[in-house]
Amino acid sequence: MTVRTRFAPSPTGFLHIGGVRTALFNWLLARHFGGQFLLRIDDTDQERHVEDAVKGILDGFRWIGIDWDEGPDVGGPNGPYYQSQRTANYQAAVRRLIDSGHVYRDYSTEAERAVEKAAAERAKRAYRFRRLALSPEELARNESEGRPYALRFQVPLGRTLVVHDLIKGDITFSTDDIGDFVVVRPDGSPLYNFASVVDDLAMGITHVVRAEEHLSNTFPQLLVFEALGSALPAFAHVPYVAEPGSKAKMSKRKIQQYEDQGVLVYLHQYIERGYLPDALLNYLARLGWSYDATQEIFSRAELIEKFTLERVTSSPASHDQDKLFWIEGEWMKVLPLERKIAGVLPYLKSEGLVAEPVTDADRAKIEAVILALGDRLKVFSDILKLGRFFFTKEVVHDPDAVKRRLRKDTVPAMLAALDAVLAEVEPYDLATLEKVIHAYAERSGRKMGDVVNPLRVATTGQGVGPGLYDCLFILGRETCRTRIAQTLDMLKAEPTTA
RNA sequence: GGCCCCGUCGUCUAGCCUGGCUCAGGACACAUGCCUUUCACGCAUGCAACACGGGUUCGAAUCCCGUCGGGGUCACCA
């Protein structure tokens, strides 16, 4: 039997990293065993449907490289892959449940149930719907009046259910703790616990790997599988992703708070920052899963080869952006130069830092900048933070750097002398630049640091960055001299007080 | 509140099933030092955990019980 897994998002918004991780585990499991991974859109609740959410979800998976064998866009033999388009399947299944007496009509109103729920809440009791005893007359009247009804599953009392969860182990649950759940709404639309079972059956899903919050849903679903007379798939419940530095589950209500702390929770935010798909994939796989005591970096192929559910942790893992950032750095280090150029380009374009279409000269310059930046470039958007000054005309001084490196009486005269050196150096290349600046330091009896650092701030505006000679060379003689002049003017306008 | 799941350094985790090899290993982060032209990289060193309490045992992070803590669920959401 080939392994078939699925990820079934509801199109209610953006894909968050916890969801991506769950999908990843499904995908990895299927790929590891050479099976199939399917995508299904669980959109039975049209009220919560968000326009374009599906597109965002699919694009997200495409970006990170999680491909699906069946599902939206690619189709497949078990379609359609939107629950909203599978009503015939649900109707047929409901028919069988009605015929076998597993479901009954519930004419209760929302107001009536609200009263019950409130009472249960007050009594600190779990709310469980049980079949209302209606007299034959009431039943007949309801029917003749055409009152709307939902179809509920008649839960058998006094049974103990056991599920052999591949991550959590054996879990037992009493049917006494399951209320009669709604299977079909009065308007005929099916609910999750029912639709998902019907679909998993129809689609031949062998392993249901999903988020931990579905653990208690498993038991009503077990009853539906049974009522339909089907064998059970294997279940695996993946622990939730907790907020950084805590064991509390990430909450959609706290998104703003996370953002204020610089924590990104949605996939698209990482894409926008210029993270690498391989790095995020690597990080997400390691969040709650390990192969052995030491390995941290895994390629896609290695993940597929080594992933098993047995090694998924049964306790929650909190999102650690620092670790992700480190893994990102490891992957960026080995990314081919061409890919780095391509990755950085959109950011430069969007800020108008390079002309469009990109000229050969710009391309060569970007290449030189990336080489000079080296390991400092971790995510593609860093090009703006770290390399902006290479592409602007004017220099913008960082106040802290100015204070630290330029606010000394001796600096203006030195910069003037250095300007003269730059004016004459020939040829204007890396090796010669290094030679003449060394010579200047020696001649003036200064330490290299006292020459290099002020010159860096004067020409780049920054206190930190690539090697100075790289900067001087890429910037070019004219730009460097103009910027030194600009710096001198600034220092004159705001003389050193110390 | 009922039911269910979970509990090893700040974080991700190894070890737990099959007690001794572990006064608990690796990684991120942090600190210090080296390298050095700043930063990043790299290298070295350091800091730091078995939630708590009982029990079983010659011996427990590992087995059992209890307590506490965290989470999920109790929808005509998924």
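The values are calculated or read from the model by the stated rules, or taken from the named source; none is laboratory data. All figures in this text were calculated on a predicted structure; none of them were measured in a lab. Glycine gets a Cβ as well: all are built from the backbone with ideal geometry, and neighbour counts include every protein chain shown.
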Name the helices (runs of 4 or more DSSP H) wholly inside the stretch A:325-408 in which the number of residues that are within 16 Å of RNA strand B (Cβ to nearest atom) is 3 or more. A:360-373, A:382-387, A:399-405
Does A:V224 satisfy the condition of being assigned to a strand (DSSP E or B), within 15 Å of RNA strand B (Cβ to nearest atom) and under 30 Å from A:Q91 (Cβ atoms)? no
Would you mind stating whether A:E226 is within 21 Å of the chain's Cα centre (by Cα) and without any contact (Cβ under 8 Å) to a residue 60 or more places away in the chain? no
The lone condition A:R253 fails out of (1) surrounded by fewer than 20 Cβ atoms within 10 Å (Cβ to Cβ); (2) at pLDDT 95 or above; (3) more than 14 Å from the chain's Cα centre (by Cα) is (2)
With respect to A:G374, determine if the residue is surrounded by fewer than 21 Cβ atoms within 10 Å (Cβ to Cβ), modelled with pLDDT under 95 and under 29 Å from A:E330 (Cα atoms). no
Here is a check on your reading of the model: is A:R96 in contact (Cβ under 8 Å) with a residue 60 or more places away in the chain, outside any loop (DSSP other than H, G, I, E, B) and farther than 30 Å from A:L284 by Cα? yes
Mind checking which residues of the stretch A:181-192 are more than 14 Å from A:T218 (Cα to Cα) and more than 6 Å from RNA strand B (Cβ to nearest atom)? A:V183, A:V184, A:D187, A:G188, A:S189, A:P190
Return yes or no: is A:S144 more than 16 Å from A:Q221 (Cβ to Cβ) and either assigned to a helix (DSSP H, G or I) or within 37 Å of the chain's Cα centre (by Cα) (or both)? yes
Among the residues of the stretch A:297-315, the number that are more than 6 Å from RNA strand B (Cβ to nearest atom) and in a loop (DSSP other than H, G, I, E, B) is 5
Of everything in the stretch A:216-231, what is touching a strand residue (DSSP E or B) at 6+ places or on another chain (Cβ under 8 Å) and at pLDDT below 95? Give them in sequence order. A:S216
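Results for (1) more than 18 Å from A:A417 (Cα to Cα); (2) within 12 Å of RNA strand B (Cβ to nearest atom); (3) of a type outside the set (G, A, S), shown as yes or no for each residue.
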{"site": "A:V464", "(1), (2), (3)": "yes, yes, yes"}
{"site": "A:Y469", "(1), (2), (3)": "no, yes, yes"}
{"site": "A:R477", "(1), (2), (3)": "no, no, yes"}
{"site": "A:C480", "(1), (2), (3)": "no, no, yes"}
May I ask you to list pairs of residues, at least six apart or on different chains, whose Cβ atoms are under 7 Å apart, with the first in the stretch A:170-186 being without any contact (Cβ under 8 Å) to a residue 60 or more places away in the chain and at negative phi and the second being within 6 Å of RNA strand B (Cβ to nearest atom) and among the basic types (K, R)? A:G179/A:R128
Residues in the stretch A:28-57 that are farther than 17 Å from A:V238 by Cβ, away from RNA strand B (no atom under 16 Å from the Cβ) and in contact with an Asp or Glu (Cβ under 7 Å, 6 or more places away or on another chain): how many? 1
Extreme residue, farthest from A:L39 (Cα to Cα), among residues of the stretch A:59-79 that are assigned to a loop (DSSP other than H, G, I, E, B), touching a helix residue (DSSP H, G or I) at 6+ places or on another chain (Cβ under 9 Å) and hydrophobic (A, V, I, L, M, F, W, C): A:I66
Restricting attention to the stretch A:271-326, which residues are in contact (Cβ under 8 Å) with a residue 60 or more places away in the chain, out of contact with any strand residue (DSSP E or B) (no Cβ under 8 Å at 6 or more places or on another chain), small (G, A, S) and at negative phi? A:A285, A:S315
Members of the stretch A:227-256 found to be near RNA strand B (Cβ under 10 Å from one of its atoms) and in a loop (DSSP other than H, G, I, E, B), listed by number: A:P239, A:Y240, A:E243, A:P244, A:G245, A:S246, A:K247, A:A248, A:M250, A:S251
Using the structure shown, decide if A:L157 is outside any strand (DSSP E or B), loosely packed, with under 13 Cβ neighbours inside 10 Å and away from RNA strand B (no atom under 13 Å from the Cβ). yes
Consider A:P412 carefully, then state whether it is modelled with pLDDT of 90 or more and out of contact with any helix residue (DSSP H, G or I) (no Cβ under 7 Å at 6 or more places or on another chain). no
Of all residues making up the stretch A:75-93, the number that are free of Cβ contacts under 8 Å to residues at least 12 places away in the same chain and closer than 17 Å to A:L58 by Cα: 3
For the stretch A:113-132, the count of residues that are farther than 27 Å from A:A195 by Cα and either in contact (Cβ under 8 Å) with a residue 60 or more places away in the chain or loosely packed, with under 13 Cβ neighbours inside 10 Å (or both) equals 8
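May I ask you to list the residues in the stretch A:432-462 that are small (G, A, S) and more than 9 Å from RNA strand B (Cβ to nearest atom)? Walk me through it before giving the result.
If we filter the stretch A:432-462 for residues that are small (G, A, S), which is where we start, we get A:439, A:441, A:444-445, A:449, A:458, A:461.
Answer for the stretch A:432-462, where residues must be small (G, A, S) and more than 9 Å from RNA strand B (Cβ to nearest atom): A:A439, A:A441, A:S444, A:G445, A:A458, A:G461.
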Complete set of residues in the stretch A:181-198 that are under 18 Å from A:R147 (Cα atoms) and assigned to a strand (DSSP E or B): A:V182, A:V183, A:V184
Single unsatisfied condition, A:R4 versus (1) touching a residue at least 60 places away in the same chain (Cβ under 8 Å); (2) within 14 Å of RNA strand B (Cβ to nearest atom); (3) touching a His at 6+ places or on another chain (Cβ under 8 Å): (2)
Checking the condition among the aromatic types (F, W, Y), surrounded by fewer than 16 Cβ atoms within 10 Å (Cβ to Cβ), modelled with pLDDT of 95 or more and out of contact with any His (no Cβ under 8 Å at 6 or more places or on another chain), which residue from A:F298, A:F325 passes? A:F325
